[in-house]
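*Asks:* Sharing a structure, written as C-alpha cells. Questions coming.
The values are calculated or read from the model by the stated rules, or taken from the named source; none is laboratory data. It should be emphasised that the depicted structure is a prediction, and the values quoted were computed from it without experimental measurement. Don't worry about glycine lacking a Cβ; one is built from the backbone with ideal geometry, like all the others, and counts go over all protein chains shown. In case anyone asks, the SASA skips ligands and DNA or RNA and just uses the protein heavy atoms, side chains included. Shrake-Rupley method; radii C 1.70, N 1.55, O 1.52, S 1.80 Å.
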Amino acid sequence: MFDNMLRIIYMGTPDFAVEPLKTLVEAGKNVVAVVTMPDKPAGRGHKLQFSPVKEYALKAGIPVLQPENLKSPDFLQELASYNADLQIVVAFRMLPEAVWSMPKYGTFNLHASLLPRYRGAAPINWAVINGDKETGITTFFLKHEIDTGNIILQEKVAIDEEDNAGDVHDKLMYLGADLVLKTLKMIEEDNVITRPQDDAQASPAPKIFKDTAKLDFDKCAADIRNLVRGMAPYPAAWFNIKLQDGNESMMKIFKVSTEEKNHNYSVGTILTDGKKMLKIACKDGFINLLEVQMAGKKRMAAEDLMRGTNLVGATII
C-alpha cells in the first residue's frame, strides 16, 4: 500500500472542476498546488476575473500556478519543485508530455463521457444533441493522443427526456467528484487495473461554435429539440428573426416542445396568435417555443415576450 498522503497537483479551470477539487480537500488529501488558466478580463470594465478553480483554491489556501505556456522551462521548473507524486486533471487544457509524465504515479484525467465515446471538448453537449439516453464519467491515465488513455473507472448516468446540457453537467459534476476520489484511493492502495479503449467504438465531441448552435428548421422536430437541449443553457440555440416593423434580432431558444404532424406550411414559417402560441414549422411538424431571449432582453417565457413584442408577421432570416 502506498502512503495515503500522496502529493497531488490538481489541474482544472471551470465550475465542473471545482467539485472534484473540493471533494479531495474535504477528504483530507494532500493537494500541494493547483494549475489553472490565467486570469481573463471580463465585463464592461474588463476587470480581471479568476477561474472558479482559482477562487476555490485561494479560499482553501492552496498555491495557484497560472502558466501562459505549459512548455515554458520556468513553468516546468516550478511544477517540478512541488515534487508531486500524482497529477489529476479535470476540464483543463491538453498537456504536453513533459507535464503529464512528470509525477511518479502519472496523471489521470476525469472526462465527462463513457470513453471512447465523445472524445473531445464538448462531450456533454454532443450526448444530448444526439439524443442519447445515457452518458457517464470516466477516469483514465493520460497519454499522447487526447482522451485515448487506459480507462481506470467509469460510472453511467441516465439522460432524462427533459434534461438539457446544464442538467447533465450537474449530474456528472457530482458523480465525477466521487469517481476522482475512488480513483485516487485505488492508486493509494496500489489496486489499479486499467483497460485499453476500443478505438473502433470511438466518437468525436468537437468544440461548440456559434454556427453549431444555429437552428435549421429543415430538420425533424426531435432533432431540433435535441439541439436546443444540448445547447441550453449555454451557448443556447438561436436563429435570426425579422419583425413586421423591419427590426431584426437574434432569438435564443432555451426550451421547446414538439408537435409531429403533417402540414402545408413552408419550413421555417412562424405561427403565432400574439399571446400564448408561438411555433415554427419544421420538416415533420412544429416546434413550440417555450423559453426564449431576444437581443437586449432577459431570458423569459415566450408568452411573456409576446406581451411586449409583436411577433405577428415575423419571419426567420
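*Asks:* Name every residue in the stretch 96-113 that is part of a loop (DSSP other than H, G, I, E, B), closer than 21 Å to residue 185 by Cα and touching a residue at least 12 places away in the same chain (Cβ under 8 Å), in order of residue number.
*Replies:* Residues satisfying the conditions are 102, 103, 104, 105, 106, 112.
*Asks:* Looking only at residues that are touching a residue at least 40 places away in the same chain (Cβ under 8 Å) and within 30 Å of the chain's Cα centre (by Cα) in the stretch 236-247, which one is surrounded by the most Cβ atoms within 10 Å (Cβ to Cβ)? Walk me through it before giving the result.
*Replies:* Start the filter on the stretch 236-247 by keeping residues that are touching a residue at least 40 places away in the same chain (Cβ under 8 Å), which leaves 236, 239-245.
Narrowing further to those that are within 30 Å of the chain's Cα centre (by Cα): 236, 239-241.
Values: 236: 18, 239: 18, 240: 14, 241: 21.
So the residue we want is 241.
*Asks:* State the number of residues belonging to the stretch 185-219 that are free of Cβ contacts under 8 Å to residues at least 12 places away in the same chain, closer than 30 Å to residue 236 by Cβ and open to solvent by 90 Å² or more (accessible area, probe 1.4 Å).
*Replies:* The total comes to 2.
*Asks:* Right, something else. Kindly indicate whether any position in the stretch 249-268 is crowded, with 17+ Cβ neighbours inside 10 Å, on the phi > 0 side of the Ramachandran plot and not acidic (Asp, Glu).
*Replies:* No, that holds for no residue.
*Asks:* Could you check the stretch 271-290 and list, in sequence order, the residues that are over 19 Å from residue 244 (Cβ atoms) and touching a residue at least 40 places away in the same chain (Cβ under 8 Å)?
*Replies:* 282, 283, 284, 285, 286, 287 - these are the residues of the stretch 271-290 that are over 19 Å from residue 244 (Cβ atoms) and touching a residue at least 40 places away in the same chain (Cβ under 8 Å).
*Asks:* Quick check on the stretch 118-128. Is at least one of its residues in a loop (DSSP other than H, G, I, E, B), closer than 21 Å to residue 287 by Cα and open to solvent by less than 30 Å² (accessible area, probe 1.4 Å)?
*Replies:* Residues of the stretch 118-128 in a loop (DSSP other than H, G, I, E, B): 118, 120-122.
After this cut, where a residue has to be closer than 21 Å to residue 287 by Cα as well, the list is none.
Checked against the condition, which is being in a loop (DSSP other than H, G, I, E, B), closer than 21 Å to residue 287 by Cα and open to solvent by less than 30 Å² (accessible area, probe 1.4 Å), the stretch 118-128 yields no hits at all.
*Asks:* Residue 104: in contact with a strand residue (DSSP E or B) (Cβ under 9 Å, 6 or more places away or on another chain), under 22 Å from residue 233 (Cα atoms) and surrounded by fewer than 24 Cβ atoms within 10 Å (Cβ to Cβ), yes or no?
*Replies:* Taking the combined requirement at face value, the residue does not satisfy it.
*Asks:* Note down all Cβ pairs under 8 Å where the first residue falls in the stretch 59-83 and is without any contact (Cβ under 8 Å) to a residue 12 or more places away in the chain, the second is surrounded by 12 or more Cβ atoms within 10 Å (Cβ to Cβ), and they're at least six residues apart or on different chains.
*Replies:* 69/75; 75/65; 75/67
*Asks:* Find the residue count for the stretch 160-184, including only residues that are assigned to a helix (DSSP H, G or I), open to solvent by 90 Å² or more (accessible area, probe 1.4 Å), out of contact with any strand residue (DSSP E or B) (no Cβ under 7 Å at 6 or more places or on another chain) and of a type in the set (D, E, K, R).
*Replies:* Residues in the stretch 160-184 being assigned to a helix (DSSP H, G or I), open to solvent by 90 Å² or more (accessible area, probe 1.4 Å), out of contact with any strand residue (DSSP E or B) (no Cβ under 7 Å at 6 or more places or on another chain) and of a type in the set (D, E, K, R): 0 in total.
*Asks:* Looking only at strands (runs of 3 or more DSSP E) that lie completely in the stretch 1-95, which have at least 3 residues being under 19 Å from residue 139 (Cα atoms)? Before the answer, list the steps.
*Replies:* Details: elements: 8-12, 31-35, 40-42, 47-49, 86-90.
Correct list: 8-12, 31-35, 86-90.
*Asks:* Are any residues in the stretch 135-159 more than 27 Å from residue 96 (Cα to Cα) and not in a strand (DSSP E or B), and if so, which ones?
*Replies:* 159
*Asks:* Condition first: in contact with a helix residue (DSSP H, G or I) (Cβ under 7 Å, 6 or more places away or on another chain) and either open to solvent by 40 Å² or more (accessible area, probe 1.4 Å) or among the aliphatic types (A, V, I, L, M) (or both). Now tell me which residues in the stretch 269-290 satisfy that.
*Replies:* Selection gives 275, 276, 278, 284, 287, 289, 290.
*Asks:* Kindly check whether there is at least one residue in the stretch 16-30 that is open to solvent by less than 50 Å² (accessible area, probe 1.4 Å), farther than 27 Å from residue 170 by Cβ and in contact (Cβ under 8 Å) with a residue 12 or more places away in the chain.
*Replies:* Yes, the conditions are met somewhere in the stretch 16-30.
*Asks:* Now, a different point. Being of a type in the set (A, V, I, L, M) and assigned to a helix (DSSP H, G or I) is the filter; apply it to the stretch 185-197 and report the residue that is nearest to residue 143 (Cα to Cα).
*Replies:* 187
*Asks:* Which of the following residues is within 24 Å of the chain's Cα centre (by Cα) and under 18 Å from residue 178 (Cα atoms): 16, 50?
*Replies:* Sole residue among the options that is within 24 Å of the chain's Cα centre (by Cα) and under 18 Å from residue 178 (Cα atoms): 16.
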